[in-house]
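The values are calculated or read from the model by the stated rules, or taken from the named source; none is laboratory data. Source: prediction; values computed, not measured. No Cβ is skipped: glycine too gets one built from the backbone with ideal geometry, and neighbour counts run over all protein chains shown. Protein only, heavy atoms only, side chains kept; ligands, DNA and RNA dropped before computing areas. Shrake-Rupley method; radii C 1.70, N 1.55, O 1.52, S 1.80 Å.
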Amino acid sequence: MEIAQHFQRLELHKVQALEAHTLRQVNVLLPSICLVRCGTKQLIWDASSIAIQAGQWVLLPKGMKFEVRNVPDNGRYLAQVLSLTPALIEQFRVQQRAHLGEQPKLLCARDLLVPHHAMLAQTWEQLSRSLEDDTPQALQEHHASGVLLALSLLGKIAPLLLNRADPLSERIQLLFALNPARAWTTTMAAQSLHMGASTLRRHLHKEGCNFAQLLRETRLSHSLGLLQATDTAIADIARASGYASASRFSCRFRAHYGIAPSELRRTM
């Protein structure tokens, strides 16, 4: 997989592990859907937690942070993670607006868990095959919309449609995710978003964020995705994620997630 394409198109990533491991502070940059194929995934956030068994899906709203525990069954953990682009979500929202109604602003654990359902499983397999066969992007997005429609018919779409206002902090994180290796400054980001640097800093302050924090979290999320979904060397992942050295990257990764990149890779 080309590193530059990792966050730029619809892709279904496989996450595999041979040993149980825990990741702290996993930040969801794009609304995502995860199907656990084998083993168990546990998500912990605030005072809530949820366990996802094999054959179940979990919805990952954009902007949420979780502690994640992946536990193999008989020595194997396997999951598929679909990251949805903002354009696809917005297109679906416009098409289905008349049927969606008012979406809840607060979620509880049961809103994120989707039990096995034949209709959803069928649309998921169609999407999986189209992505594995590298069919035209328009057809892939058609199958992805089918997955969203199945979730909507099951009354489970709301978590993926949150954050309609797109706060500045989220727009900046998406900007970083497209090129995490770039030596970003507030001026560069402000120019890309067509605003002044002082305006950018002021709005981030109102949202309780700061530029350096958003850049660090985005780079670490990007590196985590590459570690779990590719066999790219750790040194190359460090460079692709904006770190000058593998050792500095490893220190930051361990401090954030509670596990070193090499330790996580050994569990794969």
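Candidates in the range 1-60 are the residues that are under 26 Å from residue 143 (Cβ atoms) and small (Gly, Ala, Ser); of these, the one that is modelled with the lowest pLDDT is 4.
Pairs linking a residue in the range 82-104 that is modelled with pLDDT of 85 or more to a residue that is of a type in the set (Asp, Glu), with Cβ atoms under 7 Å and 6 or more positions apart or on different chains, are 83/11; 88/141. The one condition from (1) farther than 23 Å from residue 32 by Cα; (2) polar (S, T, N, Q); (3) surrounded by 15 or more Cβ atoms within 10 Å (Cβ to Cβ) that residue 198 does not meet is (3). Name the strands (runs of 3 or more DSSP E) wholly within the range 12-84 that hold at least 2 residues that are surrounded by fewer than 21 Cβ atoms within 10 Å (Cβ to Cβ)? Counting at least 2 such residues, we get 21-27, 32-38, 40-45, 48-52, 65-71, 77-83. Which of the following residues is among the small types (Gly, Ala, Ser), open to solvent by less than 30 Å² (accessible area, probe 1.4 Å) and either part of a helix (DSSP H, G or I) or under 16 Å from residue 174 (Cα atoms) (or both): 189, 255, 235, 212? Matching residue, one of 189, 255, 235, 212: 189.
Examine the range 126-139 for a residue that is polar (S, T, N, Q), in contact (Cβ under 8 Å) with a residue 24 or more places away in the chain and in contact with a helix residue (DSSP H, G or I) (Cβ under 8 Å, 6 or more places away or on another chain), and state whether such a residue exists. Break it down stepwise before answering.
At the first step, the residues of the range 126-139 found to be polar (S, T, N, Q) are 126, 128, 130, 135, 137.
Add one more test, that the residue is in contact (Cβ under 8 Å) with a residue 24 or more places away in the chain, and what stays is 128, 137.
Applying the additional criterion that residues be in contact with a helix residue (DSSP H, G or I) (Cβ under 8 Å, 6 or more places away or on another chain) yields none.
No, the conditions are met nowhere in the range 126-139.
Conditions tested, residue by residue: (1) at pLDDT below 90; (2) crowded, with 19+ Cβ neighbours inside 10 Å.
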{"position": "142", "(1), (2)": "no, no"}
{"position": "154", "(1), (2)": "no, no"}
{"position": "160", "(1), (2)": "yes, yes"}
{"position": "164", "(1), (2)": "yes, no"}
{"position": "170", "(1), (2)": "yes, yes"}
{"position": "176", "(1), (2)": "yes, yes"}
{"position": "179", "(1), (2)": "yes, no"}
